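For reference, the structure is listed below as structure tokens.
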Amino acid sequence: MTEQSLNLAEGETVIKLDKMNKWYGEFHVLKDIDLNVTRGERIVICGPSGSGKSTMIRCINHLEEHQAGTIIVNGTPLTNDLKNIEYVRRNVGMCFQHFNLFPHLTVLQNCCLAPIWVKHTPKREAEEIAMRYLERVKIPEQALKYPGQLSGGQQQRVAIARSLCMNPSIMLFDEPTSALDPEMVREVLDVMVELAEEGMTMLCVTHEMGFAKQVADRVIFMDRGEIIEQNNPHDFFENPISDRTKLFLSQIL
Ligand code: ADP
Ligand code: MG
């Protein structure tokens, strides 16, 4: 793949799932998922626990393998071809609920690891880039500390900065605020809002409906392995169609 595929025009499809299915053994976890995401689009995915949100997100950067249908990211189909998987992983950043920072490395080392080892960026340049992103998430002064010395909100901002150091064209978030103490949720959401305003293509699994209303172009509701409905935030929250969506919203709002 060349750099060309990164310069897709706005409005162009960057993620396409077509009749995508996944099983865990006998259990049919994702059923005929169709999804088109265009460049710069901000999507919030919600739904009950166990509905397949994490699995779908993880299939998009091949942390999980799908068994039927297609997933195409930035024009590259996700098959078992390692080259394709590596290309997609380089271009798709991911933030998890539990940060997944390396505890024995400093914040700065966490941020430099992938650029140095995957992209072969020279160490000094990687450190400069890392400091730039740590400034953007407003914790440059924590660069030489270890993750364990930081609050949960700070650790999650490090995790976001670390992803951004790889210069991804798409960011996936899987409940990035749900392990945080309430007073730390806002500082992480603020970073995500800024990213959204800068035009990053984002898929966010979250139950932060304020965030959905503020930045989402589209809200997707999943239940039992299916996309039940999707709409712009206004119509999604004001006029949900399916009874399952109505029930879900009545429980979380
Ligand atoms: P959500 O993120 O919406 O809570 P998940 O994608 O984590 O849902 O899980 C969807 C379903 O798949 C759940 O029933 C869960 O128990 C099951 N599941 C998730 N991961 C695995 C796995 N590695 N092996 C078997 N079943 C799994
Ligand atoms: Mg999940």
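GNM on the chain, alpha-carbon springs under 10 angstrom: the most fluctuating residue among Asp223, Asp243, Asp34 is Asp243.
Once the Cα-Cα distance is subtracted from the 0.36 nm per residue extended length, the Glu226 to Ala68 segment shows a gain of 55.4 nm. Mind giving me the FRET efficiency for Arg186 and Trp117? R0 is 35 Å, r the Cβ-Cβ distance, nearest 0.05 is fine. For Arg186 and Trp117, the calculated efficiency is 0.55. With each label modelled as a point 7 angstrom along the Cα→C-beta vector, the Asp243-Tyr24 pair spans 2.8 nm. In the context of the full set of protein chains, the stretch 125-236 has a per residue accessible area of 40 Å² (1.4 Å probe). At an R0 of 41 angstrom, the distance between the Cβ atoms of His104 and Leu253 translates into a FRET efficiency of 0.50.
Charge dipole of the chain (Cα centre as origin; +1 on each Lys and Arg Cβ, -1 on each Asp and Glu Cβ, all else neutral): 560 debye, rounded to the nearest 20. From the P(r) of the chain, could you give the percentage of C-alpha pairs in the tail past 30 Å? Counting every Cα pair in the chain, those more than 30 Å apart make up 26 percent. Around Glu64, with a cut-off of 14 angstrom between Cβ atoms, what is the net charge of the other residues, counting Lys and Arg +1 and Asp and Glu -1? Cβ neighbours under 14 Å give a net charge of +2.
Heavy atoms only, probe 1.4 Å: what % of the accessible area of the chain goes to carbon and sulfur, would you let me know? Ligands and nucleic acids excluded, carbon and sulfur give 50 percent.
Ignoring lysines fewer than eight residues from Lys19 along the same chain, the ones with Cα atoms less than 19 angstrom from its Cα are Lys31, Lys53. Each label was represented as a point 7 Å from its Cα along the Cα-to-Cβ direction; for Val193 and Gln149 these points are 3.1 nm apart. Across q = 0.17, 0.20 Å⁻¹, the stretch 18-147 modelled as identical point scatterers on its alpha-carbon atoms has Debye log10 I(q)/I(0) values of -1.04, -1.20, in the order of the q list.
The simple spin-label model puts a point 7 Å past each Cα toward its Cβ; for Glu141 and Glu86 those points are separated by 4.1 nm.
Each stretch of four or more DSSP H residues adds -39500 (n - 2.57); spread over every residue of the chain, this sum gives -11000 deg cm²/dmol at 222 nm. Shape analysis of the stretch 114-253 based on the Cα gyration tensor places the equivalent ellipsoid semi-axes at 33, 16, 12 Å, largest first. Scanning residues 5 or more positions from Met94 or on other chains, those with amide H under 5 Å from its amide H are Leu172, with H placed 1.01 Å from N in the peptide plane.
The values are calculated or read from the model by the stated rules, or taken from the named source; none is laboratory data. Computed from a predicted model, the values in this text were never measured in an experiment. No Cβ is skipped: glycine too gets one built from the backbone with ideal geometry, and neighbour counts run over all protein chains shown. Note: areas computed on protein heavy atoms with side chains; ligands, DNA, RNA excluded. Shrake-Rupley method; radii C 1.70, N 1.55, O 1.52, S 1.80 Å.
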